[in-house]
Amino acid sequence: DSGVTQTPKHLITATGQRVTLRCSPRSGDLSVYWYQQSLDQGLQFLIQYYNGEERAKGNILERFSAQQFPDLHSELNLSSLELGDSALYFCASSVEPTSSYEQYFGPGTRLTVT
Amino acid sequence: AQSVAQPEDQVNVAEGNPLTVKCTYSVSGNPYLFWYVQYPNRGLQFLLKYITGDNLVKGSYGFEAEFNKSQTSFHLKKPSALVSDSALYFCAVRDPTTGGSASKIIFGSGTRLSIRP
């Protein structure tokens, strides 16, 4: 158990809908990262937050947004969902935001868009 | 562009034999390199990292990796494979265009390791 929690574990929704994925980092970790894992795209970095502020952005669609709250939990919002958004979404956290520190991953949320 | 490549989609090894999972990278500056493992229906787990220092890095579960700057490689190795090592392995590298409090990791496409009894 990495100490990173994600809810829900599974999510099934229809095209055009909006969903929110939640992540709680390990105790003491200030930095949170979101990733999308799909069969054809592999593991893609979406966005990073550090202590409530956005710090790095990857291949995140404009329909997607995220935030990190004062208690350090983070939410990833996915809107106007398309079939291609079906994937595993992982959250990770690290002790420090510097890249010399390894990231600890949550169990993921499996999103299915029908 | 910064990238990391895992040239083998799948590696098959008999239990007890040594294993190698290959990784090459292309980044500017000094690379920060990582290996992660993913078991079925689980998140990724950190195995080991190279930041600086000794080129041979030891990690969890008996794994080690060798950093080779001239060949821009960071191959994962284990002297004696176990059936329980069967999983998906990812090599990753820090994107050197990020710094300070920003950190972006680029992952390889993954190599499925299968250990037969």
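Where a number appears in this text, it was derived from the coordinates with a stated rule and is not lab data. Source: prediction; values computed, not measured. As a convention, Cβ positions derive from the backbone with ideal geometry for all residues, glycine included, and neighbour counts pool all protein chains shown.
Excluding same-chain neighbours fewer than eight residues apart, the lysines reachable from residue B:58 by a Cα-Cα span under 22 Å are B:22, B:49, B:69, B:77, B:78. Measuring nothing but how far apart in sequence close Cα pairs (under 8 Å, 6+ apart) lie, relative to its length, chain B scores a relative contact order of 37 percent. At q = 0.10, 0.20 Å⁻¹, work out log10 I(q)/I(0) for chain B with the Debye formula, treating every Cα as an identical point scatterer and leaving solvent out; two decimals please. Values, matching the q order: -0.28, -1.07. Computed over chain A, relative contact order equals 37 percent, with contacts defined as Cα pairs under 8 Å that lie 6+ residues apart. Residues B:9, A:40 in ascending order of nearby Cβ atoms (within 10 Å, fewest first): A:40, B:9. Overall size of chain A from C-alpha positions, given as principal axis extents largest first: 37, 28, 27 Å.
Here the residues B:26, A:74, ranked from fewest to most Cβ neighbours within 10 Å of their Cβ, fall in the order B:26, A:74.
The charge dipole of the protein assembly as shown, taken about its Cα centre with unit charges on the Cβ of Lys, Arg, Asp and Glu (plus for the first two, minus for the last two), comes to roughly 200 debye. Listed by chain and number, the aspartates and glutamates placed with their C-alpha closer than 18 angstrom to that of residue B:104 are A:29, A:53, A:54, A:96, A:102, B:95; residues fewer than eight positions away on the same chain are left out.
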